[in-house]
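One structure below.
The values are calculated or read from the model by the stated rules, or taken from the named source; none is laboratory data. Since the structure is predicted, the reported quantities are computational estimates derived from the model, not experimental observations. Please note: Cβ atoms are built from the backbone with ideal geometry, for glycine as well, and neighbour counts cover all protein chains shown. Only protein heavy atoms, including side chains, enter the accessible area calculation; ligands, DNA and RNA are left aside. Shrake-Rupley method; radii C 1.70, N 1.55, O 1.52, S 1.80 Å.
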Amino acid sequence: MSVEQEQAERTIRCLVAKVGLDGHDRGAHVIARALRDAGFEVIYSGLHRAPEEVVQAAVQEDVDVVGISILSGAHNTLVPKILDGLKEYDAFDDRLILVGGIVPDDDKDELRNLGVDEIFGPGASMEEMIDFIHDNAPER
Amino acid sequence: MSDLVDDLLAGKHSALARVITKIENRSPGYREIVSDLHEHTGSADVIGVTGSPGAGKSTLVDKVAATYRDRGLTVGVIAIDPSSPFSGGAVLGDRIRMASNAGDMDVFFRSMSARGSLGGLSTATTDAVTALDAFGKDKIIVETVGAGQNEVDIVRTADTVAVLVPPGSGDDVQMLKAGILEIGDVFVVNKADLDGADRTVQQLREMLQGRDGRPETGHHGATELGGDATALEANGDDEPETWDPPIVETVANRSEGVGAFIDALANHGDYLDRTGRRVRQTRERYASEIRTLLREDANELLADELARRGGIERYVDDVVERHTDPYTVVDEVLEPLRECVAERRDG
(Lines give C-alpha, C1' and ligand atoms only; values in the text may rest on other atoms or scores of the structure.)
Protein backbone atom coordinates (compact mmCIF):
# COMPACT_ATOMS: atom_id res chain seq x y z
CA MET A 1 0.00 0.00 0.00
CA SER A 2 2.67 2.44 1.07
CA VAL A 3 4.68 1.67 -2.03
CA GLU A 4 1.88 2.62 -4.39
CA GLN A 5 1.22 5.73 -2.43
CA GLU A 6 4.80 6.82 -2.72
CA GLN A 7 4.68 6.13 -6.42
CA ALA A 8 1.67 8.39 -6.77
CA GLU A 9 3.37 11.12 -4.82
CA ARG A 10 6.65 10.67 -6.60
CA THR A 11 8.64 13.88 -6.47
CA ILE A 12 8.88 15.40 -9.92
CA ARG A 13 12.31 16.69 -10.83
CA CYS A 14 12.71 19.63 -13.21
CA LEU A 15 15.77 21.09 -14.84
CA VAL A 16 15.57 24.81 -15.44
CA ALA A 17 18.27 25.56 -17.98
CA LYS A 18 19.60 28.76 -19.45
CA VAL A 19 21.36 27.98 -22.67
CA GLY A 20 23.58 30.03 -24.91
CA LEU A 21 24.62 33.66 -24.77
CA ASP A 22 21.51 34.89 -23.07
CA GLY A 23 22.02 36.64 -19.78
CA HIS A 24 18.41 37.17 -18.81
CA ASP A 25 17.77 34.88 -15.89
CA ARG A 26 15.11 36.74 -13.96
CA GLY A 27 12.38 34.68 -15.58
CA ALA A 28 14.24 31.42 -14.97
CA HIS A 29 14.66 32.33 -11.29
CA VAL A 30 10.97 33.14 -10.92
CA ILE A 31 10.05 29.87 -12.56
CA ALA A 32 12.51 27.85 -10.47
CA ARG A 33 10.97 29.31 -7.38
CA ALA A 34 7.39 28.72 -8.48
CA LEU A 35 8.17 25.11 -9.33
CA ARG A 36 9.82 24.64 -5.96
CA ASP A 37 6.76 26.05 -4.21
CA ALA A 38 4.63 23.64 -6.23
CA GLY A 39 6.58 20.83 -4.55
CA PHE A 40 8.93 19.97 -7.40
CA GLU A 41 12.64 19.48 -7.07
CA VAL A 42 14.30 22.03 -9.27
CA ILE A 43 17.82 21.79 -10.60
CA TYR A 44 18.92 25.18 -11.82
CA SER A 45 21.71 25.18 -14.35
CA GLY A 46 23.02 28.70 -14.01
CA LEU A 47 23.65 31.04 -16.89
CA HIS A 48 25.34 30.58 -20.26
CA ARG A 49 25.20 26.81 -20.52
CA ALA A 50 26.27 24.97 -23.62
CA PRO A 51 23.82 22.43 -25.04
CA GLU A 52 26.14 19.60 -23.92
CA GLU A 53 25.97 20.86 -20.35
CA VAL A 54 22.20 20.89 -20.43
CA VAL A 55 22.26 17.33 -21.75
CA GLN A 56 24.75 16.29 -19.07
CA ALA A 57 22.55 17.76 -16.36
CA ALA A 58 19.34 16.29 -17.75
CA VAL A 59 20.86 12.80 -18.01
CA GLN A 60 22.70 12.72 -14.69
CA GLU A 61 19.94 14.30 -12.67
CA ASP A 62 17.39 12.03 -14.35
CA VAL A 63 14.89 14.87 -14.44
CA ASP A 64 11.30 14.37 -15.54
CA VAL A 65 11.10 17.80 -17.08
CA VAL A 66 13.72 19.66 -19.10
CA GLY A 67 12.79 23.34 -19.14
CA ILE A 68 14.85 25.40 -21.53
CA SER A 69 14.69 29.15 -21.22
CA ILE A 70 15.81 31.07 -24.28
CA LEU A 71 15.20 34.75 -24.84
CA SER A 72 17.93 35.29 -27.38
CA GLY A 73 16.15 33.95 -30.45
CA ALA A 74 18.69 31.17 -30.89
CA HIS A 75 16.21 28.42 -30.18
CA ASN A 76 16.39 26.96 -33.69
CA THR A 77 20.10 26.33 -33.22
CA LEU A 78 20.30 25.36 -29.58
CA VAL A 79 17.17 23.33 -28.93
CA PRO A 80 17.86 20.69 -31.63
CA LYS A 81 21.36 20.20 -30.22
CA ILE A 82 19.91 19.49 -26.80
CA LEU A 83 17.32 17.11 -28.22
CA ASP A 84 19.98 15.22 -30.20
CA GLY A 85 22.15 14.94 -27.10
CA LEU A 86 19.28 13.57 -25.05
CA LYS A 87 18.59 10.97 -27.74
CA GLU A 88 22.25 10.03 -27.85
CA TYR A 89 22.17 9.18 -24.14
CA ASP A 90 18.81 7.45 -24.37
CA ALA A 91 17.24 10.13 -22.25
CA PHE A 92 14.69 11.64 -24.61
CA ASP A 93 11.61 9.44 -24.66
CA ASP A 94 10.60 9.57 -21.03
CA ARG A 95 11.24 13.26 -20.53
CA LEU A 96 8.98 16.26 -20.89
CA ILE A 97 10.71 18.96 -22.93
CA LEU A 98 9.50 22.51 -22.38
CA VAL A 99 10.75 25.69 -23.98
CA GLY A 100 10.13 29.08 -22.44
CA GLY A 101 10.89 32.38 -24.04
CA ILE A 102 10.18 34.35 -27.13
CA VAL A 103 9.51 31.95 -29.98
CA PRO A 104 7.81 33.16 -33.17
CA ASP A 105 4.75 31.16 -34.20
CA ASP A 106 6.47 29.87 -37.33
CA ASP A 107 9.20 28.30 -35.26
CA LYS A 108 6.87 26.71 -32.75
CA ASP A 109 5.62 24.03 -35.10
CA GLU A 110 9.13 23.10 -36.06
CA LEU A 111 10.23 22.79 -32.45
CA ARG A 112 7.19 20.65 -31.73
CA ASN A 113 8.02 18.43 -34.67
CA LEU A 114 11.50 17.96 -33.30
CA GLY A 115 10.10 16.74 -30.00
CA VAL A 116 9.44 19.76 -27.80
CA ASP A 117 6.28 19.06 -25.82
CA GLU A 118 5.17 22.60 -25.10
CA ILE A 119 6.30 26.16 -25.57
CA PHE A 120 5.44 28.89 -23.11
CA GLY A 121 5.67 32.47 -24.27
CA PRO A 122 5.20 35.83 -22.60
CA GLY A 123 1.99 35.95 -20.62
CA ALA A 124 1.88 32.26 -19.81
CA SER A 125 0.87 31.80 -16.20
CA MET A 126 2.67 29.72 -13.61
CA GLU A 127 -0.48 27.72 -12.95
CA GLU A 128 -0.67 26.85 -16.62
CA MET A 129 2.84 25.50 -16.60
CA ILE A 130 2.52 23.65 -13.30
CA ASP A 131 -0.75 22.05 -14.41
CA PHE A 132 0.82 21.05 -17.69
CA ILE A 133 3.70 19.35 -15.87
CA HIS A 134 1.35 17.56 -13.47
CA ASP A 135 -0.79 16.34 -16.36
CA ASN A 136 2.03 15.33 -18.66
CA ALA A 137 4.93 14.24 -16.47
CA PRO A 138 6.17 10.95 -17.89
CA GLU A 139 5.13 7.67 -16.35
CA ARG A 140 8.14 5.83 -15.02
CA MET B 1 14.61 -4.57 -13.77
CA SER B 2 17.86 -6.46 -14.02
CA ASP B 3 18.27 -4.83 -17.44
CA LEU B 4 18.85 -1.64 -15.53
CA VAL B 5 21.59 -3.30 -13.47
CA ASP B 6 23.19 -4.73 -16.61
CA ASP B 7 23.06 -1.34 -18.32
CA LEU B 8 24.58 0.34 -15.30
CA LEU B 9 27.41 -2.18 -15.11
CA ALA B 10 27.95 -1.73 -18.84
CA GLY B 11 28.57 1.95 -18.22
CA LYS B 12 25.32 3.49 -19.44
CA HIS B 13 24.91 6.91 -17.85
CA SER B 14 21.13 7.05 -18.07
CA ALA B 15 20.90 3.68 -16.29
CA LEU B 16 23.03 4.96 -13.43
CA ALA B 17 20.86 8.06 -13.23
CA ARG B 18 17.67 5.99 -13.21
CA VAL B 19 18.98 3.66 -10.51
CA ILE B 20 19.69 6.65 -8.26
CA THR B 21 16.17 7.94 -8.95
CA LYS B 22 14.73 4.60 -7.88
CA ILE B 23 16.86 4.69 -4.76
CA GLU B 24 15.68 8.20 -3.94
CA ASN B 25 12.04 7.36 -4.50
CA ARG B 26 12.29 3.95 -2.88
CA SER B 27 10.56 2.68 -5.99
CA PRO B 28 9.49 -0.95 -6.12
CA GLY B 29 12.49 -3.08 -6.93
CA TYR B 30 15.14 -0.68 -5.67
CA ARG B 31 16.25 -3.09 -2.96
CA GLU B 32 16.93 -5.86 -5.45
CA ILE B 33 18.92 -3.44 -7.58
CA VAL B 34 21.11 -2.32 -4.70
CA SER B 35 21.53 -5.96 -3.63
CA ASP B 36 22.66 -6.92 -7.13
CA LEU B 37 25.10 -4.04 -7.25
CA HIS B 38 26.78 -4.79 -3.93
CA GLU B 39 29.13 -7.47 -5.23
CA HIS B 40 30.49 -5.01 -7.79
CA THR B 41 31.49 -2.42 -5.20
CA GLY B 42 34.46 -1.84 -2.97
CA SER B 43 36.92 -0.15 -5.28
CA ALA B 44 35.93 3.49 -4.93
CA ASP B 45 37.44 5.99 -2.56
CA VAL B 46 34.63 7.88 -0.82
CA ILE B 47 35.21 11.44 0.36
CA GLY B 48 32.74 13.46 2.40
CA VAL B 49 32.77 17.25 2.20
CA THR B 50 30.78 19.26 4.68
CA GLY B 51 30.57 22.81 5.94
CA SER B 52 28.17 25.67 6.45
CA PRO B 53 26.19 27.15 3.53
CA GLY B 54 28.40 29.42 1.48
CA ALA B 55 31.63 27.91 2.78
CA GLY B 56 32.57 27.05 -0.79
CA LYS B 57 31.96 23.30 -0.80
CA SER B 58 30.61 23.07 -4.33
CA THR B 59 33.34 25.24 -5.79
CA LEU B 60 36.04 23.21 -4.07
CA VAL B 61 34.43 19.93 -5.10
CA ASP B 62 34.35 21.18 -8.69
CA LYS B 63 38.07 21.92 -8.67
CA VAL B 64 38.91 18.66 -6.93
CA ALA B 65 36.86 16.71 -9.48
CA ALA B 66 38.63 18.49 -12.33
CA THR B 67 42.03 17.67 -10.82
CA TYR B 68 41.13 14.00 -10.44
CA ARG B 69 39.97 13.99 -14.06
CA ASP B 70 43.33 15.44 -15.14
CA ARG B 71 44.93 12.46 -13.42
CA GLY B 72 42.77 10.10 -15.43
CA LEU B 73 40.37 9.18 -12.63
CA THR B 74 36.61 9.10 -12.92
CA VAL B 75 34.51 10.95 -10.39
CA GLY B 76 31.02 10.75 -8.95
CA VAL B 77 29.54 13.56 -6.90
CA ILE B 78 26.43 13.48 -4.74
CA ALA B 79 25.40 16.94 -3.57
CA ILE B 80 22.71 17.11 -0.93
CA ASP B 81 20.67 20.27 -0.46
CA PRO B 82 17.88 20.99 1.96
CA SER B 83 14.27 20.79 0.85
CA SER B 84 11.46 23.07 1.91
CA PRO B 85 9.65 21.70 4.95
CA PHE B 86 6.48 23.36 3.64
CA SER B 87 6.09 22.41 0.01
CA GLY B 88 8.60 19.57 -0.06
CA GLY B 89 10.08 21.28 -3.09
CA ALA B 90 13.68 22.26 -3.45
CA VAL B 91 15.99 24.28 -5.61
CA LEU B 92 19.17 22.32 -6.03
CA GLY B 93 21.81 24.78 -7.08
CA ASP B 94 25.13 23.04 -6.47
CA ARG B 95 25.36 22.20 -10.14
CA ILE B 96 25.93 25.84 -10.98
CA ARG B 97 29.41 25.61 -9.50
CA MET B 98 30.42 22.60 -11.53
CA ALA B 99 31.82 24.79 -14.27
CA SER B 100 35.20 23.07 -14.55
CA ASN B 101 33.58 19.80 -15.53
CA ALA B 102 30.95 21.09 -17.91
CA GLY B 103 30.00 18.56 -20.52
CA ASP B 104 32.37 15.93 -19.07
CA MET B 105 30.20 12.85 -18.67
CA ASP B 106 32.89 11.10 -16.64
CA VAL B 107 32.11 13.43 -13.80
CA PHE B 108 28.73 12.15 -12.73
CA PHE B 109 27.14 14.88 -10.66
CA ARG B 110 23.86 14.21 -8.93
CA SER B 111 21.84 16.56 -6.74
CA MET B 112 19.73 15.06 -4.00
CA SER B 113 17.34 16.85 -1.72
CA ALA B 114 16.91 16.04 1.91
CA ARG B 115 13.34 14.87 1.47
CA GLY B 116 11.94 14.96 4.93
CA SER B 117 8.96 12.72 4.39
CA LEU B 118 10.81 9.65 3.21
CA GLY B 119 13.34 9.74 6.00
CA GLY B 120 16.46 7.71 5.86
CA LEU B 121 18.48 10.16 3.81
CA SER B 122 21.64 8.49 4.97
CA THR B 123 20.34 5.17 3.65
CA ALA B 124 19.57 6.73 0.29
CA THR B 125 23.02 8.30 0.21
CA THR B 126 24.71 5.02 1.06
CA ASP B 127 22.78 3.30 -1.72
CA ALA B 128 23.61 6.04 -4.21
CA VAL B 129 27.29 5.64 -3.32
CA THR B 130 26.88 1.91 -3.95
CA ALA B 131 25.50 2.67 -7.42
CA LEU B 132 28.38 5.01 -8.28
CA ASP B 133 30.91 2.51 -6.92
CA ALA B 134 29.45 -0.34 -8.96
CA PHE B 135 29.44 1.91 -12.02
CA GLY B 136 33.21 2.05 -11.59
CA LYS B 137 33.86 5.56 -10.29
CA ASP B 138 37.34 5.88 -8.79
CA LYS B 139 36.49 8.79 -6.51
CA ILE B 140 33.10 9.50 -5.00
CA ILE B 141 32.48 12.80 -3.27
CA VAL B 142 29.48 13.32 -1.01
CA GLU B 143 28.79 16.97 -0.36
CA THR B 144 26.37 18.21 2.27
CA VAL B 145 25.58 21.16 4.48
CA GLY B 146 27.10 20.39 7.83
CA ALA B 147 24.45 21.01 10.43
CA GLY B 148 22.90 18.36 12.55
CA GLN B 149 22.79 14.66 13.05
CA ASN B 150 21.48 13.82 9.59
CA GLU B 151 24.50 15.32 7.93
CA VAL B 152 26.91 13.72 10.34
CA ASP B 153 25.36 10.36 9.49
CA ILE B 154 25.73 11.08 5.81
CA VAL B 155 29.39 11.93 5.94
CA ARG B 156 29.97 8.72 7.83
CA THR B 157 29.45 6.94 4.54
CA ALA B 158 32.82 8.43 3.58
CA ASP B 159 36.29 7.05 4.15
CA THR B 160 37.68 10.54 4.59
CA VAL B 161 35.73 13.56 5.77
CA ALA B 162 36.76 17.11 4.94
CA VAL B 163 35.23 19.97 6.89
CA LEU B 164 35.20 23.46 5.37
CA VAL B 165 35.42 26.38 7.72
CA PRO B 166 35.05 29.83 6.21
CA PRO B 167 37.02 32.67 7.78
CA GLY B 168 35.23 34.60 10.45
CA SER B 169 32.84 31.82 11.41
CA GLY B 170 32.56 33.07 14.93
CA ASP B 171 34.72 32.45 17.94
CA ASP B 172 35.99 29.10 19.03
CA VAL B 173 32.88 28.31 21.03
CA GLN B 174 30.91 28.33 17.78
CA MET B 175 33.14 25.62 16.44
CA LEU B 176 32.61 23.54 19.54
CA LYS B 177 28.88 24.08 19.29
CA ALA B 178 28.72 22.94 15.72
CA GLY B 179 30.34 19.67 16.70
CA ILE B 180 32.42 19.67 13.56
CA LEU B 181 35.72 18.94 15.22
CA GLU B 182 34.95 15.30 15.85
CA ILE B 183 33.99 14.37 12.32
CA GLY B 184 36.75 16.03 10.30
CA ASP B 185 39.78 14.13 9.03
CA VAL B 186 40.95 17.14 7.06
CA PHE B 187 40.02 20.74 7.76
CA VAL B 188 39.88 23.35 5.05
CA VAL B 189 39.87 27.07 5.61
CA ASN B 190 38.47 28.12 2.28
CA LYS B 191 38.39 31.73 1.06
CA ALA B 192 41.81 31.99 2.69
CA ASP B 193 42.37 35.30 0.94
CA LEU B 194 39.74 36.97 3.11
CA ASP B 195 40.49 38.93 6.26
CA GLY B 196 40.43 36.80 9.33
CA ALA B 197 41.57 33.62 7.63
CA ASP B 198 44.78 33.46 9.67
CA ARG B 199 42.82 33.87 12.85
CA THR B 200 40.42 31.09 11.87
CA VAL B 201 43.32 28.76 11.10
CA GLN B 202 44.86 29.63 14.46
CA GLN B 203 41.63 29.00 16.35
CA LEU B 204 41.04 25.74 14.54
CA ARG B 205 44.52 24.56 15.34
CA GLU B 206 44.08 25.31 19.02
CA MET B 207 40.74 23.54 19.11
CA LEU B 208 42.09 20.51 17.30
CA GLN B 209 44.98 20.14 19.66
CA GLY B 210 42.53 19.75 22.48
CA ARG B 211 40.43 17.18 20.72
CA ASP B 212 40.16 13.64 22.03
CA GLY B 213 41.40 14.94 25.37
CA ARG B 214 44.98 14.67 24.22
CA PRO B 215 47.45 16.88 26.03
CA GLU B 216 48.17 20.14 24.29
CA THR B 217 51.74 20.44 25.41
CA GLY B 218 54.69 18.95 23.64
CA HIS B 219 52.57 17.92 20.71
CA HIS B 220 54.80 18.67 17.85
CA GLY B 221 54.33 18.52 14.15
CA ALA B 222 50.59 18.56 14.25
CA THR B 223 48.40 20.47 11.84
CA GLU B 224 51.04 21.95 9.63
CA LEU B 225 49.69 24.20 6.95
CA GLY B 226 49.40 22.87 3.47
CA GLY B 227 48.38 19.44 4.65
CA ASP B 228 51.85 18.00 4.40
CA ALA B 229 52.83 14.69 5.85
CA THR B 230 54.17 15.87 9.18
CA ALA B 231 50.74 15.37 10.63
CA LEU B 232 51.28 11.68 10.19
CA GLU B 233 54.19 11.44 12.55
CA ALA B 234 53.86 8.42 14.76
CA ASN B 235 53.51 9.02 18.47
CA GLY B 236 55.84 6.26 19.49
CA ASP B 237 56.49 2.64 18.78
CA ASP B 238 54.10 0.98 21.16
CA GLU B 239 51.23 3.40 20.79
CA PRO B 240 48.85 2.95 17.89
CA GLU B 241 49.37 5.58 15.25
CA THR B 242 46.85 8.39 15.52
CA TRP B 243 45.72 10.89 12.95
CA ASP B 244 46.20 14.58 13.50
CA PRO B 245 43.89 16.36 11.08
CA PRO B 246 45.78 18.80 8.90
CA ILE B 247 44.42 22.26 8.18
CA VAL B 248 44.60 23.27 4.55
CA GLU B 249 44.09 26.78 3.26
CA THR B 250 42.39 27.12 -0.10
CA VAL B 251 40.95 29.74 -2.38
CA ALA B 252 38.75 27.39 -4.32
CA ASN B 253 37.48 29.78 -6.97
CA ARG B 254 41.07 30.48 -7.98
CA SER B 255 42.12 26.83 -7.60
CA GLU B 256 44.66 27.78 -4.94
CA GLY B 257 45.50 25.07 -2.44
CA VAL B 258 43.51 22.42 -4.26
CA GLY B 259 46.63 20.32 -4.82
CA ALA B 260 47.50 20.51 -1.13
CA PHE B 261 43.95 19.53 -0.24
CA ILE B 262 44.08 16.49 -2.51
CA ASP B 263 47.43 15.53 -1.00
CA ALA B 264 45.91 15.75 2.46
CA LEU B 265 43.06 13.48 1.38
CA ALA B 266 45.55 11.02 -0.08
CA ASN B 267 47.64 11.12 3.11
CA HIS B 268 44.60 10.22 5.13
CA GLY B 269 43.84 7.39 2.72
CA ASP B 270 47.38 6.06 3.19
CA TYR B 271 46.98 6.32 6.94
CA LEU B 272 43.75 4.31 6.78
CA ASP B 273 45.49 1.58 4.77
CA ARG B 274 48.66 1.54 6.85
CA THR B 275 46.91 1.22 10.19
CA GLY B 276 44.16 -1.14 9.06
CA ARG B 277 41.62 1.49 9.95
CA ARG B 278 40.02 1.34 6.52
CA VAL B 279 39.04 -2.27 7.08
CA ARG B 280 37.72 -1.49 10.54
CA GLN B 281 35.85 1.56 9.28
CA THR B 282 34.27 -0.45 6.49
CA ARG B 283 33.15 -3.13 8.90
CA GLU B 284 31.66 -0.55 11.25
CA ARG B 285 29.86 1.06 8.35
CA TYR B 286 28.31 -2.20 7.20
CA ALA B 287 27.32 -3.02 10.77
CA SER B 288 25.55 0.28 11.16
CA GLU B 289 23.95 -0.09 7.73
CA ILE B 290 22.54 -3.46 8.70
CA ARG B 291 21.25 -2.03 11.96
CA THR B 292 19.64 0.92 10.21
CA LEU B 293 17.94 -1.26 7.64
CA LEU B 294 16.71 -3.62 10.32
CA ARG B 295 15.29 -0.71 12.26
CA GLU B 296 13.62 0.83 9.21
CA ASP B 297 12.10 -2.45 8.07
CA ALA B 298 10.94 -3.37 11.55
CA ASN B 299 9.39 0.07 11.85
CA GLU B 300 7.53 -0.42 8.63
CA LEU B 301 6.33 -3.84 9.69
CA LEU B 302 5.03 -2.42 12.94
CA ALA B 303 3.41 0.55 11.22
CA ASP B 304 1.51 -1.82 8.95
CA GLU B 305 0.50 -3.92 11.92
CA LEU B 306 -0.69 -0.83 13.74
CA ALA B 307 -2.70 0.28 10.72
CA ARG B 308 -4.23 -3.17 10.43
CA ARG B 309 -5.37 -2.92 14.03
CA GLY B 310 -7.17 0.30 13.29
CA GLY B 311 -4.44 2.88 13.68
CA ILE B 312 -2.64 4.44 16.58
CA GLU B 313 -5.44 6.90 17.44
CA ARG B 314 -7.57 4.13 18.86
CA TYR B 315 -4.84 3.20 21.29
CA VAL B 316 -4.21 6.83 22.15
CA ASP B 317 -7.88 7.21 23.04
CA ASP B 318 -7.64 4.27 25.39
CA VAL B 319 -4.49 5.63 26.99
CA VAL B 320 -6.07 9.07 27.45
CA GLU B 321 -9.15 7.46 29.05
CA ARG B 322 -6.87 5.51 31.38
CA HIS B 323 -8.22 2.21 30.08
CA THR B 324 -4.71 1.16 29.29
CA ASP B 325 -1.16 2.54 29.20
CA PRO B 326 1.54 2.86 26.56
CA TYR B 327 3.55 -0.13 27.80
CA THR B 328 0.57 -2.44 27.67
CA VAL B 329 -0.26 -1.25 24.17
CA VAL B 330 3.25 -1.99 22.97
CA ASP B 331 3.17 -5.45 24.52
CA GLU B 332 -0.17 -6.14 22.89
CA VAL B 333 1.03 -5.13 19.43
CA LEU B 334 4.34 -6.92 19.74
CA GLU B 335 3.14 -10.15 21.27
CA PRO B 336 2.15 -11.95 18.06
CA LEU B 337 5.49 -10.97 16.55
CA ARG B 338 7.41 -12.26 19.52
CA GLU B 339 5.47 -15.53 19.43
CA CYS B 340 6.11 -15.86 15.73
CA VAL B 341 9.84 -15.31 16.12
CA ALA B 342 10.07 -17.74 19.04
CA GLU B 343 8.15 -20.37 17.09
CA ARG B 344 10.45 -20.09 14.08
CA ARG B 345 13.54 -20.18 16.24
CA ASP B 346 12.49 -23.30 18.13
CA GLY B 347 10.92 -25.07 15.21
How would chain A be classified by its alpha-carbon gyration tensor: rounded, prolate or oblate, with rounded meaning a/c under 1.5 and the a/b versus b/c comparison settling the rest? prolate
Which of B:Ala264, B:Thr50, B:Phe109 sits farthest toward the positive end of the charge dipole of the protein assembly as shown, with +1 on the Cβ of Lys and Arg and -1 on the Cβ of Asp and Glu? B:Ala264
Calculated from backbone phi, Karplus (6.51, -1.76, 1.60) coupling profile of the range B:272-287 in Hz, x at Gly/Pro: 4, 5, 5, 9, x, 5, 4, 5, 4, 4, 4, 4, 4, 5, 5, 4
If I model a spin label as a point 7 Å beyond the Cα along the Cα-Cβ vector, how far apart are those points for B:Arg254 and B:Arg283 in nm? 4.7
With charges only on Cβ, +1 for K and R and -1 for D and E, what is the dipole size of the protein assembly as shown about its Cα centre, in debye, rounded to 20? 640
Per the C-alpha gyration tensor (a ≥ b ≥ c, the square roots of its eigenvalues), the range B:1-129 is rounded if a/c is under 1.5, else prolate if a/b beats b/c, else oblate; here it's oblate
Determine the shielding of peptide B:72-83 by partner chains: average, over its residues, the number of Cβ atoms on other chains within 10 angstrom of each Cβ. 1
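Taking the Cβ of B:His268 as the centre, find all other residues whose Cβ is under 9 Å away and add up their charges (Lys, Arg: +1; Asp, Glu: -1). Working shown, then result.
Numbers: positive: none; negative: B:Asp159, B:Asp185, B:Asp270.
Net local charge, B:His268 excluded: -3.
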Can you bin every Cα-Cα distance in the protein assembly as shown into 10 Å intervals starting at zero and give me the percent of pairs per bin, rounded to whole numbers? 4, 18, 26, 23, 17, 10, 3, 0, 0
Just to check I understand the Karplus step: with θ = phi - 60° and J = 6.51 cos²θ - 1.76 cosθ + 1.60, what whole-Hz values come out for the range B:26-41, glycine and proline as x? 6, 5, x, x, 5, 5, 4, 4, 4, 4, 5, 7, 3, 5, 9, 9
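Give me the 1.4 Å probe accessible area per residue for the range A:67-106, excluding ligands and nucleic acids, in Å².
Each residue of the range A:67-106 exposes 45 Å² on average to a 1.4 Å probe.
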How large is ³J(HN,Hα), in whole Hz, for each residue of the range A:32-47 in order, when computed from phi with the Karplus curve 6.51 cos²θ - 1.76 cosθ + 1.60 and θ = phi - 60°, using x for Gly and Pro? 4, 5, 5, 5, 4, 5, 7, x, 8, 8, 10, 9, 9, 7, x, 7
Going toward the positive end of the dipole of the protein assembly as shown, with +1 on Lys and Arg Cβ and -1 on Asp and Glu Cβ, which of A:Gly46, B:Thr126, A:Ala34 do you reach last? A:Gly46
For B:Val142, other-chain or 5+-apart residues with amide H closer than 5 Å (H placed, Pro excluded) are B:Ile47, B:Gly48, B:Val49, B:Ile78
Peptide-level mean, for B:13-19, of C-beta atoms on other protein chains within 10 Å: 5
Given H placed 1.01 Å from N in the peptide plane, which residues other than close sequence neighbours of B:Val248 have an amide H under 5 Å from its amide H? B:Phe187, B:Val188, B:Val189
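Indicate the gyration tensor shape class of the range A:7-74 (rounded, prolate or oblate), computed on the Cα atoms with a ≥ b ≥ c the square roots of the eigenvalues: a/c under 1.5 is rounded; otherwise a/b larger than b/c is prolate and the rest oblate. Intermediate results must be reported in sequence, preceding the final value.
Working: a/c = 2.89, a/b = 1.50, b/c = 1.93.
Cα axes put the range A:7-74 in the oblate bin.
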Hey, got the dipole for the range A:1-134? About the Cα centre, +1 on K and R Cβ, -1 on D and E Cβ, debye to the nearest 20? 500
For A:Val42, what residues show an amide H to amide H distance below 5 Å, using hydrogens built from the backbone and excluding near sequence neighbours? A:Cys14, B:Ala90, B:Val91, B:Leu92
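Restricting the count to DSSP beta bridges whose residues both fall in the protein assembly as shown, what percent are antiparallel, rounded to a multiple of 5? Write down the numbers at each step before the final one.
Values: 1 of 56 bridges.
So the antiparallel bridges in the protein assembly as shown amount to around 0 percent.
What is the sum of charges, Lys and Arg at +1 and Asp and Glu at -1, for the other residues whose Cβ falls under 12 Å from the Cβ of A:Val30?
Values: positive: A:Arg26, A:Arg33, A:Arg36; negative: A:Asp25, A:Asp37.
Value of the local net charge: +1.
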At a Cα cut-off below 18 Å, give the lysines reachable from A:Lys81, other chains included and same-chain residues fewer than 8 away excluded. A:Lys18, A:Lys108
Excluding same-chain residues fewer than 8 positions from B:Lys137, which aspartates and glutamates have a Cα within less than 12 Å of its Cα? B:Asp45, B:Asp106
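Could you check how much of the accessible area of the protein assembly as shown is carbon and sulfur, as a whole percent, using a 1.4 Å probe?
It is 49 percent, rounded to a whole number.
Mind checking the mean number of beta-carbon atoms from other chains within 10 Å of the Cβ atoms in B:22-32?
Details: counts 2, 0, 5, 7, 5, 5, 4, 1, 0, 0, 0.
That works out to 3 on average.
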